[in-house]
Amino acid sequence: MHGRPRRPAKPEDEAAASAKAAKLRDLQAQVLQNHHSRTYTKEAIGLSFKLLEINPEAYTAWNYRKLAFQHNIKELSDPEAIRSAVDDELRVVEVALRQNPKSYGAWYHRKWLLNQKLAPVDSKREFGLLDKLLKVDARNFHGWNYRRFLARFMAVPDEEELKYTMDKISDNFSNYSAWHNRSILLSNLLIQQSKGFESKQKIFTEEFELVTQALFTDPSDQSGWFYHLWLLAQTSTPDNPQLIASWPFNGAKLSSSLVKEKVEKSTLSSIWCHSLKERTVPIVLYFNEPVKGLNQSSVKLKSDLEFGKDIRWRALSVTDSGYSNCWATYLQIANECSSSQQYSVDVSIPCSDDIVSRSGSTYNCPVHLTFAIELISDEAQDIDLFDKPVAWNRSDSFQPHENRESMPFDLLKITSALVEEDSNWHFERLSEEIDLFRELPDDNSKFVKLTLARLLLACAAIKSRGRSLIERKRYCEEAMGYFSDLIRLDPSHKWYYEDERSLVLMDKLSCDTETFMKHCSVKVEPNLVPLNHVQLCSLSLTCIGFAERLIWVQVLDLSHNSLRSVEGLEALQQLVSLNISNNQISSFTALEPLTKIISLKVLDLSFNEIGAHSIDTTRYICSSPFSHKVEACEAFEECRKKSINVEEYWDAILFFESLKLAQLDIKGNAVASKEDFRTLVTMLIPSLKWLNGECAN
């Protein structure tokens, strides 16, 4: 552990270990027996102490002591006796910490005792204990975590704790825990606007100078680089969450019309919307950082349409944290139409304390959007859009879109003078950092290259606020070069650098109209439905970024890349057809974001790696609810009735039962060659018409 070499075990060591294990087993059995029988005598409690003295990680023993303490303290009324009982428990914790200073159970037990507030806390004793422990191991994060708890408990001012972190950093620049605690304290002081911390610019300028000294003193130490990364994140992002994209965008006109005359005049401001066939309109709001708190009071809708009053906003996220960059609601239209009629929808997002970021900052950039919806009679919509399979043929010449005005790139612009002023300072500060780090000797240092890449991307992000996105291009190109170098220099983190390079490439391709237009077209299918088409093939993409610039796309071709996940595509609520063939998708859990797209009808998964690995660990480490929420569902029972192995196909079942596809291509995957797989797919997707280019039924 921590670089300590292992020495070969000697015969006497093995004998001692066996004796210790036997003693532990005997003590554990006795403590468990006392725990189950609720025996809280002095002798029984003494046995738990002996166990914890040997093994501080015996969580049941700590829980037993809590119950015993609560039971016995009820019989005490004398304050001195109560204080003595508390001191006894604190001493047990100290004995355990001498055995293992990083025992979770011991530190938690000490916090629990203090929170009982049964006796005055001896602050000198508590902080003295911490000083001793941190002298032995200055980076012990358990000790630092307890110090944060103690400072809050004793109402120690953050300014004093900030000075303590400076003392520890001065002793050793490599104290990562001190740098981390400093970031927490500074965040609190800046949010509270404490005296001397009113100016974020002044504080961060001083912090950049401090950490730069550490980095130039020892460029090989990681602690300072991580703190610099935190400073960079604070400097390159706005203080408050901001709405950066929406669907429908302001001024858009949605229609379900399939009339030929309208198709020929179609532009992206008059868009065929597949979900209107089912009288559903998705509204998507995309923020620059994860937020929570979208509801009927924080987002106000007004329309002459008739739709349900119980409007719920959903976080389109692959986690259950409650925070998400992307939020959606689905208007269920109740109007009946016998002829073509047009309605307007107003979306207002005022300043709101309900919409909150993870850092606790609230939304303060009010936005108002208006779009139109054209409803036509049900008879006019009764056309089979998928009577023939959709073909993906990369040999066809791709015709880029020629109408610049019809491409909705700057969906929302930030024009706040305050944002502009802050952005200017941030940009100047980061430019100085770039010049400074260019002076560091390269020596193929991965930290220098990674920091320079992040600084360049931070400058690119700032340059886009309220300005043309084309200014990002130069920064993106240089950052891509650094990530390519890092893939070569640090192959153990290759996947991370590849993902970062993919994000930069996506930014570069979509940051200005002229470049992105080469990948865009309005595709007219044989049935005369106009679809907004984007083709991003053979670009070595490993992940998807800047999805907010794609939320208007209806046909997306991402084939022949190296995608391992499709996270981000859940924002594309207009997506009808998706091609992710010839990638590196290895499980259905990696495809979970697609289950959130209500318009998806055509999906090409052919020639990926699904089912290729006998033990596919990505099914469990993938950030998908599938991997930790396998509740019983009707689909499982239906599969069992047809003798389908639910344990083998659980993720496929959860994936396919959430889709309403008309066409699926999955050939070239190991899972597709299994005998019962076709039965599984056709049973779970009753709307399916085409499977691997053939009639599904």
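The values are calculated or read from the model by the stated rules, or taken from the named source; none is laboratory data. Predicted model only: the values in this text are computed from it and were never measured. FYI the Cβ positions are ideal-geometry reconstructions off the backbone, even for glycines, and counts take in every protein chain you see. Remember, those area values only see protein heavy atoms, side chains included, never the ligands or the DNA or RNA. Shrake-Rupley method; radii C 1.70, N 1.55, O 1.52, S 1.80 Å.
The criterion of at least 3 residues that are open to solvent by 50 Å² or more (accessible area, probe 1.4 Å) and either charged (D, E, K, R) or at pLDDT 70 or above (or both) is met, among helices (runs of 4 or more DSSP H) falling completely within segment 375-476, by 417-438. Scan segment 193-212 for residues that are touching a residue at least 12 places away in the same chain (Cβ under 8 Å) and of a type in the set (S, T, N, Q) and the total you get is 4.
When you scan segment 482-562 for strands (runs of 3 or more DSSP E) that lie fully inside it, which ones turn up with 1 or more residues that are modelled with pLDDT of 90 or more, in contact with a strand residue (DSSP E or B) (Cβ under 6 Å, 6 or more places away or on another chain) and under 30 Å from Gly668 (Cβ atoms)?
By residue number, 530-535, 555-557.
The numbered conditions (1) part of a helix (DSSP H, G or I); (2) out of contact with any His (no Cβ under 7 Å at 6 or more places or on another chain); (3) closer than 25 Å to Leu52 by Cα are all true for Val121 except (1). Of all residues in segment 158-194, those being part of a loop (DSSP other than H, G, I, E, B) and either at positive phi or not aromatic (Phe, Trp, Tyr) (or both) number 6. Looking at segment 655-668, which of its residues are under 18 Å from Ser587 (Cα atoms) and open to solvent by less than 10 Å² (accessible area, probe 1.4 Å)? Selection gives Phe655, Phe656, Leu664, Ile666.
Looking across segment 565-598 at every residue that is over 24 Å from the mean Cα position of the chain (by Cα) and assigned to a loop (DSSP other than H, G, I, E, B), the one that is modelled with the lowest pLDDT is identified as Val576. Looking only at residues of segment 633-650 that are within 26 Å of Leu575 (Cβ to Cβ) and open to solvent by 10 Å² or more (accessible area, probe 1.4 Å), we find that the one that is nearest to the chain's Cα centre (by Cα) is Trp650.
For the criterion of being open to solvent by 10 Å² or more (accessible area, probe 1.4 Å), touching a Lys or Arg at 6+ places or on another chain (Cβ under 8 Å) and on the phi < 0 side of the Ramachandran plot, His533 passes. Residue check: Ala138 meets all listed conditions (1) of a type outside the set (Phe, Trp, Tyr); (2) in a helix (DSSP H, G or I); (3) under 25 Å from Gly105 (Cβ atoms) but one, namely (2).
Would you please list the contacts, defined by Cβ atoms under 8 Å and residues six or more apart or on different chains, that run from a residue in segment 579-599 that is without any contact (Cβ under 8 Å) to a residue 12 or more places away in the chain to a residue that is open to solvent by 10 Å² or more (accessible area, probe 1.4 Å) and of a type in the set (Phe, Trp, Tyr)? Partner pairs satisfying both residue conditions: none exist. What are the residues in segment 674-686 that are free of Cβ contacts under 8 Å to residues at least 60 places away in the same chain and either farther than 17 Å from Asp604 by Cβ or open to solvent by 10 Å² or more (accessible area, probe 1.4 Å) (or both), if any? Hits for segment 674-686 are Glu675, Asp676, Arg678, Thr679, Leu680, Thr682, Met683, Leu684, Pro686.
Pairs linking a residue in segment 91-119 that is free of Cβ contacts under 8 Å to residues at least 40 places away in the same chain to a residue that is not in a helix (DSSP H, G or I), with Cβ atoms under 8 Å and 6 or more positions apart or on different chains, are Leu114/Val121. If you go through segment 204-232 and pick out every residue that is buried (at least 17 other Cβ atoms within 10 Å of the Cβ) and closer than 16 Å to Trp425 by Cβ, you end up with 5.
If Thr235 satisfies every condition in (1) open to solvent by less than 10 Å² (accessible area, probe 1.4 Å); (2) in a helix (DSSP H, G or I); (3) modelled with pLDDT of 85 or more but one, which is the exception? Exception for Thr235: condition (3).
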